[in-house]
Amino acid sequence: MENKKVVLAYSGGLDTSYCVKYLTEEKGLDVHSVLVNTGGFTKEELVGVEARAYELGVKSHTTIEETANYYDKVVKYLIFGNILKNSTYPLSVSAERVSQALAIAKHAKTLDAAFIAHGSTGAGNDQVRFDMIFQTFLPEAEIITPIRDMKLSREEEIEYLKAKGVEMDFAKAAYSVNKGLWGTSVGGKETLGSNGFLPEEAFPTQATMDQAEDLELGFEHGELKSVNDKSFDSPHEAIQYLETIAGPFGIGRDIHVGDTIIGIKGRVGFEAAAAVLTIKAHQALEKHVLTKWQIYWKDQVAAFYGNWLHEGQFMDPVMRDMEAMMSNTQQKVTGKVFITLLPYRFQVNGIESNHDLMSAKFGHYGEMNNAWTGEDVKGFSKIFGNQNAIYHQVNNEL
């Protein structure tokens, strides 16, 4: 009997809704949709997405809960490395795609599917991330990508679904929204060109807070474990809770401009209040408790780690090596960080830690020293600059 099983990476949005109808009605395949939740859906939303999938005609729908594993395997190291792509983007979507692709490949193998499908376009990064994982771990399955293969616009997808009698909020579908634990990306007509910012209504979380509010974040060995007076056993729960507090301030919104894996420039909007706050608070704490060379070398490793993850190369063994290095730097990154939240911005006020190297026992920067004398510094300066002095005197340079 011919195997007509196709496992579809499904989110319930416009692209994957199109894929269900197209693969079922035009290709005659048995669609088995799978949603991998990496922190972007509530229980109620998951129920609605499943019901929607069956309405569209899938043979089966599976929800895989991956949030905790996604944090442990990926997000934790983005925090350890204070990783912001191009100093802006916390890799909100690119980080979760590998976790999703791995879970989907495992599910497709369990179903013995002949095909595996995703709704990526031909212009972005996700197509490469999904393809590489599927080719590596499910080489026997054929990859189908209707949107990419037929070069469909969102308008064409909408017209097709309307012709099939599908009812959905097509006005909302004008924006591509991908929500997860580490932030939400938002793409629309404003991000297709080089100028223009997303309107307020395009962001899933509306900015409603207009008064300043103090925030206290507690870290243990580099991981977020408390928000204000509330403690969490699982850091991913602390991140989700932080998002409910900071998101309504409109914090963490921006547009990322970057180089795609396929070599073109791209723009994408995002909101990532918890991610940006966690990274900036963690970085502030590290400045106080790590030595300058720990910070320097971790920054070098983290820059490569973030870029290689962004380009879908999470399974490269070198990533495990860099994770080990970054983890080792977190032994003393424990303490509290104090922040003030304001509409559309925030300020880090300071930290408290038993490992704070800015200890008053050794003096106050620029004012008073307690651990050395002026004569000590004179001698140190002479020795520290000795080779420079010799070079310029030998070469008679002024």
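Laid out as a table, the results:
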item: Charged-residue dipole, Cβ positions (Lys, Arg, Asp, Glu), the chain about Cα centre, Debye nearest 20; result: 640
item: Angle between the chain longest axis and helix 154-163 axis [Cα atoms, degrees, rounded to 10]; result: 30
item: Segment 120-173 - percent relative contact order, Cα under 8 Å, separation 6 or more; result: 36
item: Set of lysines near Lys382 by C-alpha distance (under 26 Å), chain-local residues within fewer than 8 positions excluded; result: Lys292, Lys361
item: Flagged links, alpha-carbon separation over 21 Å, of Lys43/Lys109; Lys332/Lys378; Lys4/Lys151; Lys225/Lys332; Lys106/Lys164; Lys265/Lys298; result: Lys43/Lys109; Lys332/Lys378; Lys4/Lys151; Lys106/Lys164; Lys265/Lys298
item: Normalised contact order of the chain, rounded percent, pairs of Cα under 8 Å and 6 or more residues apart; result: 17
item: Where chymotrypsin sites (Phe, Trp or Tyr not before Pro) fall in DSSP loop in segment 39-120, at most 12 other Cβ within 10 Å; result: none
item: Relative packing of peptides 379-387, 202-210, 11-19 - highest average C-beta neighbours within 10 Å first; result: 11-19, 202-210, 379-387
item: Extension reserve of the Gln347-Val377 stretch, reckoned as 0.36 nm per residue once the Cα distance is removed; result: 7.3 nm
item: Of Ala324, Ala105, Ala281, the one that fluctuates the most in a GNM where the chain has Cα springs shorter than 10 Å; result: Ala324
item: Choice from Ala171, Ala371, Ala101 showing the highest fluctuation, given a GNM over the chain with Cα pairs closer than 10 Å; result: Ala371
item: Degrees separating the helix 374-384 axis from the principal Cα axis of the chain, which is the longest one; result: 60
item: Residue-wise HN-Hα coupling along segment 219-226, computed from phi with Karplus coefficients 6.51, -1.76, 1.60 (Hz; x: Gly, Pro); result: 10, 10, 6, x, 9, 6, 10, 8
item: Solvent-accessible surface (1.4 angstrom probe) belonging to Lys265, in square angstrom, nearest 10; result: 140
item: Helix axis angle, 235-246 relative to the chain longest principal axis, alpha carbon, degrees; result: 90
item: Top of Val58, Val47, Val36 by mean-square fluctuation, Gaussian network on the chain, Cα under 10 Å; result: Val47
item: Principal axis dimensions, largest first and in whole angstrom, of segment 1-54 by Cα; result: 38, 20, 16
item: Å² of accessible area per residue within the chain, as computed with a 1.4 Å probe and no ligands counted; result: 51
item: Percent carbon-and-sulfur accessible area, the chain, ignoring ligands, DNA and RNA, probe 1.4 Å; result: 52
item: Charge dipole magnitude, Cβ of K and R +1, D and E -1 - segment 42-124, Cα centre, debye nearest 20; result: 300
item: Debye intensity ratio in log₁₀ form over the Cα atoms of the chain, taken at each q of 0.07, 0.09, 0.13, 0.15 Å⁻¹; result: -0.40, -0.61, -1.11, -1.39
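The values are calculated or read from the model by the stated rules, or taken from the named source; none is laboratory data. This structure is a prediction, so every number in the text was calculated from the model and none was measured. We place every Cβ from the backbone using ideal geometry, glycine too, and count neighbours over all the protein chains shown. In case anyone asks, the SASA skips ligands and DNA or RNA and just uses the protein heavy atoms, side chains included. Shrake-Rupley method; radii C 1.70, N 1.55, O 1.52, S 1.80 Å.
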